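No lab work stands behind these numbers, since they all come straight from the coordinates. Owing to the predicted nature of the structure, the values given are computational and were not obtained by experimental measurement. Methodologically, a virtual Cβ is constructed for each residue, glycine included, from the backbone with ideal geometry; neighbour enumeration extends over all protein chains shown.
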């Protein structure tokens, strides 16, 4: 990850879901609803203003397991790239503040 990417994440600007590390939490800002896959992601609960957490990556990096609305869902990188999130200052489960 470049220095620009790190600064971008630290500012809390919207980034693709694929850029979050395991354990990181964020809030969904937008989903590409124009595509068929984007509409399916919306159906699965990847809706704006929804907290999401990266649970883990597969050993080869793809797919990645995400937790939102009490459910774990695995997405390929190509699917997760359609979701823009705003990294949050939470740790652990979505919605819990850092102590």
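Data for the structure
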| read-out | value |
| --- | --- |
| Contour minus Cα-Cα distance for residue 43 and residue 62 (0.36 nm per residue) | 4.7 nm |
| Sorted by Cβ density within 10 Å, fewest first, the residues 28, 37, 73 | 37, 73, 28 |
| Order of 85, 52 - criterion: other Cβ atoms within 10 Å of each residue's Cβ, fewest first | 52, 85 |
| Two-site FRET efficiency, residue 55 against residue 77, from Cβ-Cβ distance with R₀ of 22 Å, rounded to 0.05 | 0.90 |
